[in-house]
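One structure is given below, encoded as structure tokens.
The values are calculated or read from the model by the stated rules, or taken from the named source; none is laboratory data. Every value quoted in this text rests on a predicted model; they were computed, and no experiment measured them. Neighbour counts are summed over all protein chains in view; Cβ atoms, including those assigned to glycine, are modelled from backbone coordinates with ideal geometry. Calculation scope for accessible area: heavy atoms of the full protein, side chains included, ligands and nucleic acids excluded. Shrake-Rupley method; radii C 1.70, N 1.55, O 1.52, S 1.80 Å.
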Amino acid sequence: MALRACLRTKPGLTGLLSQLSSCSSHGAAHMSPALVAQRRSSSTSQKIKVDFDQSTGVAVMRMQSPPVNSLSLEFLTDVCIALEKLEMDKSCRGLIVTSSQPKVFSAGLNILDMYGKSPEHCVEFWKAVQEMWLKFYGSNMITIAAVNGSSPAGGCLLSMTCDYRIMADNPRYSIGLNETQLGIVAPFWFKDTMINTVGHRTTEMALQLGLLYSPAEALKIGLVDQLVPEDQVLTTATETMTKWLAIPDHARQLTKSMMRKPTIDKLTSNREADVNNFVKFITKDSIQKSLGMYLEMLKRRKA
Amino acid sequence: MALRACLRTKPGLTGLLSQLSSCSSHGAAHMSPALVAQRRSSSTSQKIKVDFDQSTGVAVMRMQSPPVNSLSLEFLTDVCIALEKLEMDKSCRGLIVTSSQPKVFSAGLNILDMYGKSPEHCVEFWKAVQEMWLKFYGSNMITIAAVNGSSPAGGCLLSMTCDYRIMADNPRYSIGLNETQLGIVAPFWFKDTMINTVGHRTTEMALQLGLLYSPAEALKIGLVDQLVPEDQVLTTATETMTKWLAIPDHARQLTKSMMRKPTIDKLTSNREADVNNFVKFITKDSIQKSLGMYLEMLKRRKA
Amino acid sequence: MALRACLRTKPGLTGLLSQLSSCSSHGAAHMSPALVAQRRSSSTSQKIKVDFDQSTGVAVMRMQSPPVNSLSLEFLTDVCIALEKLEMDKSCRGLIVTSSQPKVFSAGLNILDMYGKSPEHCVEFWKAVQEMWLKFYGSNMITIAAVNGSSPAGGCLLSMTCDYRIMADNPRYSIGLNETQLGIVAPFWFKDTMINTVGHRTTEMALQLGLLYSPAEALKIGLVDQLVPEDQVLTTATETMTKWLAIPDHARQLTKSMMRKPTIDKLTSNREADVNNFVKFITKDSIQKSLGMYLEMLKRRKA
């Protein structure tokens, strides 16, 4: 349903999806396990690399959108398509999400999709952000975030949608919803997701101050579940997945749905109002000016 | 009211209740305190031993249903009758719930009441489970769980309905809602009770994985409030009760009701739907098969 | 709006407000920064001392109502007027609330406004308590409580309405909602505020037992955010404020409102019922007797 909703507004995607399905993991369903093991890699788009291991039922989704896996409209669409395909494959029970880019998991929403763009573009962009969240937070699969780098704003949101978060224990990395630092506001479903993860009080302070936490701090407040040395993030995620796979899928899925449905329903029944709020807010002169200043600051920092 | 609802569906209980009242703690109300102190013991059924000390206003309910205090339809009914009687006795202000069986507080819902049984039986069984929860979670008395052994699933639920939980510090014991490990799902009010106890995030992970916690882990996440050596569980419960008894009943009761009413109302206004959901789920072939396999495993482990 | 509501029931205040405005911080708006810095002090009433530093945008509100800053009808009205004035001044971005009385932040609601008073007086008093909470919990300003002494009941509530709480690390001080110890009950919005601060389970136990926490305990459960030596409470509050001031006001305010609006709306849409509940409860013979005994006990303790 979610994908259909996404496709409704982006008809061009249907063709893309058909094209991609020819080289997808689904094509592997008819091969012997040995063959599958040999050619596990099956990229969905250039910016997303999905390796599905039919023998374990676990897929690894690597974000490789240089330089920092910014969640652009295009990239979000690719992520949603890749997730939807795995979701439809009954043999895929678990998903590990990680980054192929050095030092960053995802830098969050792509500011260039919100700065100097038409309201129509902002509408499309925000629908894609909603879609990503709805798909991940409501996934029937076991989802584990292998957070092998910094994960601000939308990157933090993505990791919070997962069932378990393992972060690289590198004090140079940080994670958090730092929207207010940019002069913008995390919408109610970002907030709800964070409350479900770290509780009301921690969320209130984190969101007001736009706090970015070091891995150690994030572990302390429960924003991530486990810290491991950087080179062990993915292997730990794989080991952790084994524990989750031991639980019967139907019981785990019903339980997950029971926990998350109220939060998901809140956005589902307010999608349009939420889009309107976002577009009205983000297209304000004052907010555009804030974003412009932030982009200038980023450029200067680079130079 | 709750007992009446229970009796409505189990008319045979009325007679039982009358019979029992002759040897109940209520009979002691007309004796002098000294006499009462001498004969404090007043068992309600063979599987429940209730000692009410009129001088302190505190009752101790010992579960003694061999081998593991499984919450069968019959046992749940006995527990509800015993609780209802104490509740109606204004002189009874506090209740300590504990186990007379070695190594176990309660093994939880009796699987034999859910396996190979008629839908009608499952309906009766589930109503009794609801009744037990409603009575304990909504009790006007101060309730303290003296968790002197393992307490999985329904046993954990029972302890969570209490105002305070003291557990034996024995690493061989465990506590938690492990339903998913059996291929079944904790209903929404089990979930709500756990969220009220340990918060949303801990509940989400605990329920999905069906986690059983060691006493030390349970203390850390707040699933129990205090650990003491095994032989001090009951004495500590009695000492703790003294602290709670110092608070004026009316203020404490209004406060407790304010905290728990929303959660209780949710089940009260959805009892029938919840029964239907349970029966529909538990009578599924696949679920019956899961339960059968679990029972086989238990038998093999015993042998 | 809130002030208007307050004034509606207390027409005499309008005059008071006009009088006070002549010597208020607003009068300083037309002076040069240098002059303002020189005469920052601008008391609103004898019981409230407000120092507004135009150069930083931060006001310090000192409660100086001897002996223990009891929240009487009169004092609550003064506090509300002082807050409303700061709120209307766009140049005032942050507020630090502290006490000028030794050893106490605020002793909470003034019992003499609830004991032996007419129902009409109780109505006025409770509306003022509601007003204080609505104004502080919904303030657009950054609010920091510099808790430099004990803070039971209403004093704890006042500190919980703030965005951040710094407490003097003196083990002789305590903080908590201890209403049940007096035989009265914290209303639902006290409870909601505490749940938002320390979570459901801690609140349930704290409110039932009327727990007063030492600073160290309060820090552990998250009832306060930071402990410092007694003579550094205010300076730490000022330093902390600087961090909060770095966040753009509009983004922080929208975020704060998003977090708190549901809790505020709950009281706003139930103010009258809440007043009626309070008055009906507090004017009961049994409750009046409890309060009388408590007052006697306080007198004896003094002597």
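Sorted from largest to smallest, which semi-axis lengths in Å does the alpha carbon gyration tensor of the stretch B:76-169 give for its equivalent ellipsoid, taking the root of 5 times each eigenvalue?
So the equivalent ellipsoid measures 23, 18, 10 Å along its semi-axes.
With both bridge residues required to lie in the protein assembly as shown, what share of the DSSP beta bridges run antiparallel, to the nearest 5%?
30 percent
Quote the FRET efficiency, to the nearest 0.05, computed for C:Glu120 versus B:Leu245 with a Förster distance R0 of 35 Å and r equal to the Cβ-Cβ distance.
Plugging the Cβ-Cβ distance into 1/(1 + (r/R0)^6) gives 0.40.
How far apart, in nanometres, would the label points at C:Lys280 and B:Ala216 be if each is projected 7 angstrom from Cα along the Cα-to-Cβ direction?
Here the modelled spin labels are 5.2 nm apart.
In C, who owns the beta-carbon nearest the axis carrying C over to A, and how many Å from it?
Taking Cβ atoms only, the nearest residue and its distance are C:Gly199, 3.
Which of C:Asp169, C:Asp53, C:Asp89 moves the most in a Gaussian network model of chain C with Cα springs under 10 Å?
Maximum among the listed residues: C:Asp89.
On the principal axes of its Cα set, how long, how wide and how thick is the stretch A:177-303? Give whole Å, largest value first.
Its Cα atoms span 53, 40, 25 Å along the three principal axes.
Return the distance in nm (one decimal) between the two label points of a simple spin-label model at A:Met293 and C:Arg301, each offset 7 Å from Cα along Cα→Cβ.
Going by the 7 Å Cα→Cβ label model, 5.1 nm.
For the protein assembly as shown, give the percent of accessible area contributed by carbon and sulfur heavy atoms, probe 1.4 Å, rounded to a whole number.
Using a 1.4 Å probe with all protein chains present, the protein assembly as shown comes out at 56 percent carbon and sulfur.
So if I take the centroid of the Cα atoms in the stretch A:271-301 and the same for the stretch B:43-103, what is the distance between those two points in Å?
Each part reduced to its Cα centre gives a spacing of 62 Å.
Out of every Cα-Cα pair in the stretch B:143-227, what percent are more than 23 Å apart?
Of all Cα-Cα distances in the stretch B:143-227, 10 percent exceed 23 Å.
Residues of the stretch B:199-236 losing 10 Å² or more of accessible area relative to the isolated chain, 1.4 Å probe, heavy atoms only?
B:His200, B:Arg201, B:Glu204, B:Met205, B:Leu207, B:Gln208, B:Leu209, B:Asp225
Based only on Cα atoms, what mean projected area does the convex hull of the stretch B:130-170 have, in nm²? List each step's numbers first, then the result.
Values: hull surface 11.1 nm².
That works out to 2.8 nm².
Rg over Rh of the stretch A:194-267, using C-alpha atoms and the Kirkwood radius, what does it come to?
Rg divided by Rh gives 1.04.
From the gyration tensor of the Cα coordinates in chain A, what semi-axes in whole Å does the equivalent ellipsoid have, largest first, with each one equal to sqrt(5λ)?
Square roots of five times the eigenvalues give 29, 23, 19 Å.
Normalised radius of gyration for the protein assembly as shown, please: alpha carbon Rg relative to 2.2 N^0.38 Å, two decimal places.
My calculation over the Cα atoms of the protein assembly as shown gives 1.03.
Per residue, how many Å² of accessible area does the stretch C:87-200 show with a 1.4 Å probe?
Per residue, the stretch C:87-200 has an accessible area of 26 Å².
To the nearest whole number, what is the average tally of beta carbon atoms from other chains within 10 Å of the beta carbons of peptide C:186-192?
Shielding by partners across C:186-192 averages 2.
Can you give the Rg to Rh ratio of the stretch B:117-258, both from alpha-carbon atoms, with Rh computed by the Kirkwood formula?
Reported Rg/Rh, Kirkwood definition of Rh: 0.98.
Considering only the label points, 7 Å along Cα→Cβ from Cα, what distances in nm to one decimal separate B:Gln288 from the same position in each other copy, shortest first?
Result for B:Gln288, in nm, nearest copy first: 6.7, 6.7.
Taking the Cα centre of the protein assembly as shown as origin and charging only Cβ (+1 Lys, Arg; -1 Asp, Glu), how large is the dipole, in debye to the nearest 20?
Values: 102 positive and 81 negative charges, 65 e Å.
It comes to approximately 320 debye.
Considering only protein heavy atoms, what is the solvent-accessible area of C:Lys289 at a probe of 1.4 Å, reported in Å² to the nearest 10?
Approximately 140 Å² for this residue.
Using alpha-carbon pairs under 8 Å, 6+ residues apart, how would you state the relative contact order of the stretch A:157-213 in percent?
Once normalised by length, the contact order is 46 percent.
Taking the dipole about the Cα centre of the stretch C:94-241, with the C-beta of Lys and Arg at +1 and of Asp and Glu at -1, give me whichever of C:Gly94, C:Ile142, C:Leu109 is farthest to the positive side.
Looking along the dipole axis, the top candidate is C:Leu109.
With +1 assigned to the C-beta of every Lys and Arg and -1 to the C-beta of every Asp and Glu, and no other charges, what is the dipole magnitude of chain A about the Cα centre in debye, to the nearest 20?
The calculation lands at about 220 debye.
For every helix of n ≥ 4 consecutive DSSP H residues, a contribution of -39,500 (n - 2.57) applies; sum these over chain B, divide by its total residues, and give [θ] at 222 nm rounded to the nearest 500 deg cm²/dmol.
Values: 13 runs with 158 residues, N = 303.
For chain B, the value works out to -16000 deg cm²/dmol.
Sort A:207-218, A:115-126 for me by packing, meaning the mean count of neighbouring Cβ atoms within 10 Å per residue, highest on top.
Going by the mean number of other Cβ atoms within 10 Å, highest first, we get A:207-218, A:115-126.
Which length gain, in nm to one decimal place, applies between B:Arg172 and B:Ser100 when the Cα-Cα distance is subtracted from 0.36 nm times their residue separation?
Full extension from B:Arg172 to B:Ser100 adds 24.2 nm.
Just to be sure I understand: if you take the accessible area of chain A alone plus chain C alone and subtract the pair, with a 1.4 Å probe, what total do you get in Å², rounded to 100?
1700 Å²
What residue among B:Thr240, B:Thr263, B:Thr255 shows peak mean-square fluctuation when chain B is described by a Gaussian network model with Cα springs under 10 Å?
Among B:Thr240, B:Thr263, B:Thr255, the largest mean-square fluctuation in the Gaussian network model of chain B belongs to B:Thr255.
What does the charge count around A:Gly183 come to, taking other residues whose C-beta lies under 14 Å from its C-beta (Lys +1, Arg +1, Asp -1, Glu -1)?
-1
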